[in-house]
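What follows is one structure encoded as C-alpha cells, with my remarks underneath.
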Amino acid sequence: MNLQAVRAIYLFELARTWRTLLQSIATPVISTSLYFVVFGSAIGSSMTEVHGVSYGAFIVPGLIMLALLTESISNASFGIYMPRYSGTIYELLSAPVSPLEIVIGYVGAAATKSIILGLVILITARLFVDFEILHPLWMLALLLLTAFSFSLFGFIIGIWADGWEKLQVVPALIVTPLAFLGGSFYSISMLPPLWQTITLFNPVVYLINAFRWSFFGVADVDVGVSLAMMAGFLTICLGVVSWMFRSGYRLKN
C-alpha cells in the first residue's frame, strides 16, 4: 500500500473543502436550519409527537441523512470528475498508484467531508430541539457506513458522467426525491397500507430508519434488514468500481 500517494490525494481533496468553506459547510447547515424552522415550527405545532418522540427531534436523523447522502455523492463525483475533465487523470493512472489507493484517497476525503458536515448539523440541531442519542456507537457506525457507501456511489457517478449536467442528474432527480419520500419528515406508518408497501421499495427508507433507531430506538422497518440493505449496496458499489478500473471504462478513453 502506497500510503504516501493515498495521503497526497486525500489531503488535496480535503484542501478544496477549506477553499470553498461557504459552499461545502455553511450552505448545507443553513439549509438544514431552515428545515428545522419551517417543518419544526409549522408542522410540529400541529403534530407534537411521532412514536413517542417530539416531532422536532424526530426529523433530526432524517435531515442529517438527507444532507449526508447528497453531499457524499456531490463531493466524490466532483472530486474524480475534475481530473477527467482537465486531463490530469492520465498522470494519476500512469503513476505507481493502484486503483485501490486512488479509491481510498478520493472516497476517504469525500466521506470525511460528509461526516464533518453531518456532525456539524447534529450540533446545530441541538440549538433548535432537545434530544438524546440512545445508541451513540451505532449512530457513529451508521454515519460512517452511509458516508463511505454513498461517497463510493458518487465516485461511480463521477466516472460515468461525461458532462457537468450529468453530475447533478442522480443527486437532484433520484437521491433527493427518494430521501424526501423515504420518511425524512414522517413515519411511513402514517401512510395508507398501499403506500406503505410501495415505500418499502425505496432503499433510502432503510437508511433513514436505521439511523433514526440509533437515536430513539424506534424504526418502521427491522434494523437487521436495514443493515443488510446497506451492506448489499456497499458491495454492489465496490463491484462496479472494480469493474470500471479493470475495463478502463471512461478512464482510458
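The values are calculated or read from the model by the stated rules, or taken from the named source; none is laboratory data. All of these numbers come straight from a predicted model, not from anything done at the bench. Please note: Cβ atoms are built from the backbone with ideal geometry, for glycine as well, and neighbour counts cover all protein chains shown.
In the stretch 67-103, the qualifying residues are those that are among the β-branched types (V, I, T) and closer than 16 Å to I156 by Cβ, and the one that is modelled with the lowest pLDDT is I89.
Matching residues to (1) crowded, with 17+ Cβ neighbours inside 10 Å; (2) in a helix (DSSP H, G or I); (3) free of Cβ contacts under 8 Å to residues at least 60 places away in the same chain; (4) not small (G, A, S):
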site	(1), (2), (3), (4)
V103	yes, yes, no, yes
G108	yes, yes, no, no
T112	yes, yes, no, yes
V120	yes, yes, no, yes
F153	yes, yes, no, yes
G158	yes, yes, no, no
E165	no, yes, yes, yes
V170	yes, yes, no, yes
V175	yes, yes, no, yes
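If you go through the stretch 91-125, how many residues are of a type in the set (D, E, K, R) and more than 21 Å from the chain's Cα centre (by Cα)?
In the first step, residues of the stretch 91-125 are kept if they are of a type in the set (D, E, K, R); the result is 91, 101, 113.
Filter once more, so that each one left must be more than 21 Å from the chain's Cα centre (by Cα): 91, 101.
Residues meeting the conditions: 2.
Of all the numbered requirements in (1) over 30 Å from K252 (Cβ atoms); (2) modelled with pLDDT of 90 or more, F150 misses one, and that requirement is (1).
Got at least one residue in the stretch 233-248 being out of contact with any helix residue (DSSP H, G or I) (no Cβ under 7 Å at 6 or more places or on another chain), farther than 19 Å from L100 by Cα, modelled with pLDDT of 90 or more and not acidic (D, E)? No, the stretch 233-248 has no match at all. In this structure, F215 does satisfy being on the phi < 0 side of the Ramachandran plot, out of contact with any Ser or Thr (no Cβ under 8 Å at 6 or more places or on another chain) and surrounded by 14 or more Cβ atoms within 10 Å (Cβ to Cβ). Just checking, does the stretch 59-81 include any residue being surrounded by fewer than 17 Cβ atoms within 10 Å (Cβ to Cβ) and over 14 Å from the mean Cα position of the chain (by Cα)? No, because not a single residue in the stretch 59-81 is surrounded by fewer than 17 Cβ atoms within 10 Å (Cβ to Cβ) and over 14 Å from the mean Cα position of the chain (by Cα).
In the stretch 139-150, the residues that are in a helix (DSSP H, G or I) form Cβ pairs under 6 Å with partners that are β-branched (V, I, T) and surrounded by fewer than 19 Cβ atoms within 10 Å (Cβ to Cβ), at six or more places apart or across chains, as follows: M139/I133. Just one residue in the set F216, F211 is aromatic (F, W, Y), more than 19 Å from the chain's Cα centre (by Cα) and at pLDDT 90 or above; that residue is F216. For the stretch 202-211, the criterion of a residue being surrounded by fewer than 17 Cβ atoms within 10 Å (Cβ to Cβ) and either under 26 Å from W138 (Cα atoms) or in contact (Cβ under 8 Å) with a residue 12 or more places away in the chain (or both) is satisfied by at least one position. Of all residues in the stretch 194-217, exactly one satisfies the criterion of being more than 30 Å from L119 (Cβ to Cβ) and hydroxyl-bearing (S, T, Y), namely T197.
Return the residues of the stretch 63-101 that are without any contact (Cβ under 8 Å) to a residue 24 or more places away in the chain, assigned to a helix (DSSP H, G or I) and small (G, A, S); say none if nothing qualifies. S86, S94, listed by residue number.
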